[in-house]
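Scroll down for the structure; my scribbles are underneath it.
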Amino acid sequence: MEDPLLIIALLACLAVLVILLLGINSFRKGTAEAAKESNRYMRWRLIAQFGAVVLIMVFVFLRSQTGG
């Protein structure tokens with residue numbers, strides 16, 4: 001847990017979870033405005049999820065290169 005890249009990747013995963021929960025909560029309201037807001041959250045979730053996956057892949061790549 002001392003690796004800063006691992007901590008950043010875990011925080012990115014946590015951010016994805018928070019955005020997902022915000023989108024689900026917004027969708028639950030059932031109004032047209034809430035649907036637009038939910039779609040906006042889900043677009044942000046995709047961007048955050050892509051970033052999290054990239055960070056995880058970089059972490060795994062660097063760990064395989066250093067033998068740790």
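Each reported figure results from applying straightforward, stated rules to the coordinates on display, with no laboratory input. Since we're looking at a predicted model, the values are computed, not measured. When we count neighbours, we look across all protein chains shown, and the Cβ atoms used for this are built from the backbone with ideal geometry, even at glycine.
Seen against the Cα atoms of the chain and their longest principal axis, helix 32-66 is set at about 10 degrees.
From helices alone, the chain scores -32000 deg cm²/dmol at 222 nm; the rule is -39500 (n - 2.57) for each run of n ≥ 4 DSSP H residues, then divide by the residue total.
Of all the Cα-Cα pairs you can form in the chain, what percent are over 20 Å apart? Roughly 41 percent, rounded to a whole number. For the chain, trypsin sites (Lys or Arg not before Pro) are listed when DSSP marks them as loop and at most 13 other Cβ atoms sit within 10 Å of their Cβ; the list is Lys29. Angle, helix 4-28 long axis vs. longest principal axis of the chain, Cα atoms, 0 to 90°, nearest 10? Once rounded, the angle reads 10 degrees.
Checking every one of the GluC sites (Glu not before Pro) in the chain against DSSP loop status and a limit of 15 other Cβ atoms within 10 Å picks out Glu2. Here the chain is assigned +1 on the Cβ of each Lys and Arg and -1 on the Cβ of each Asp and Glu. Its dipole about the Cα centre then comes out at about 340 debye.
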